[in-house]
Structures are given as structure tokens and as C-alpha cells.
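The values are calculated or read from the model by the stated rules, or taken from the named source; none is laboratory data. Since this is a predicted model, take the numbers as computed values, not measurements. Calculation scope for accessible area: heavy atoms of the full protein, side chains included, ligands and nucleic acids excluded. Shrake-Rupley method; radii C 1.70, N 1.55, O 1.52, S 1.80 Å.
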Amino acid sequence: MNSAKERLIKIINEIPESELAKVLDFAEYIKDKEDKKIFKEITKASESSLDFWINDVDDKIWNDV
């Protein structure tokens, strides 16, 4: 059995050129959605580390720099 990627490439090769923009648009939508998910996860992970850096001792020291 062919992989999903191989099947998709085969279908793309069979679709009329005039319809490929729709396939591309959908593929870019899926990629953007995944990119946003990854960015959101990275942002959430970085926010959890902020508690380490936000404290009165460090604030007092860095305010004088």
C-alpha cells in the first residue's frame, strides 16, 4: 500500500492545473494551523519559565543596573 504522501502526490498529478490552486490553498491552511499550534505550545512552555525570573530579589538587583 502507498503512503498517504505518495497517494497525495499521485492525486495532485492527476488534478487539472486549474484546480491545483484549491489544493495548495488547503495544504497551506493545514500547515498554518499546525505552525500556530506549535507556536502556541512554545509560548506556553516559555511562559511557565517566567516564574523563575520574576522575583523581588532579581527585580531589585536589575532595577539598579
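Against the set (1) 139; (2) 79; (3) 95, the structure's computed volume of the Cα convex hull per residue in Å³ falls on (1).
What the phi angles of segment 2-8 give under the Karplus curve with 6.51, -1.76 and 1.60, with θ = phi - 60°, is a coupling list of 6, 6, 4, 5, 5, 5, 5 Hz, glycine and proline written as x. Of LYS10/LYS31; LYS5/LYS36; LYS10/LYS40; LYS36/LYS60, which pairs sit farther than 25 Å apart, going by alpha carbon to alpha carbon? Distance filter (> 25 Å) returns LYS10/LYS40; LYS36/LYS60. As a fraction of the 1.4 Å probe accessible area of segment 1-56, surface on carbon and sulfur atoms comes out at 63 percent. For GLU28 and ILE15, the difference between the fully extended length at 0.36 nm per residue and the C-alpha to C-alpha distance is 2.9 nm.
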